[in-house]
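A short write-up of the structure that comes next.
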């Protein structure tokens, strides 16, 4: 089971989200920690950014993360779909 670490950029974006979206982000991170390949996350690599993946929070929001050594995942960005993938 991987450990989760958040980037400063992620933390700044997270606190600005509406409460209901933060709840969904929390759920997505828990699933990511339990199983990064959980079907509801619909994880996939971000094109053009080697080692960076996107995971679904809901129909509009995505988070991005990267895999680090020692079974560590660093969540990088949480934002609306297009914004999250513009600079993951």
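What follows draws every value from the coordinates through simple rules; no lab data is involved. Note that this is a predicted model, so its numbers are computed, not measured. Heads up, the Cβs are rebuilt from the backbone with ideal geometry, glycines too, and the neighbour counts pull from every protein chain shown.
Summarising the label geometry, the points placed 7 Å from Cα in the beta-carbon direction at residue 40 and residue 8 lie 3.3 nm from one another.
Per DSSP H run of n ≥ 4, the term is -39500 (n - 2.57); total these for the chain, divide by its residue number, and report the mean residue ellipticity at 222 nm rounded to 500 deg cm²/dmol.
-10500 deg cm²/dmol
Take the alpha-carbon centre of the range 5-20, take the same for the range 29-66, and report the distance between them in whole Å. About 15 Å separates the Cα centre of the range 5-20 from the one of the range 29-66.
Taking a spot 7 Å from the Cα of residue 30 along the direction of its beta carbon, which residues of the range 36-60 have an amide N less than 16 Å from it? Only 36, 38-41, 57-58 fall inside the zone, counting backbone N under 16 Å. Once Cα Rg over 2.2 N^0.38 Å is calculated for the structure shown, the corresponding label among (i) 1.02; (ii) 1.49; (iii) 0.96 turns out to be (iii).
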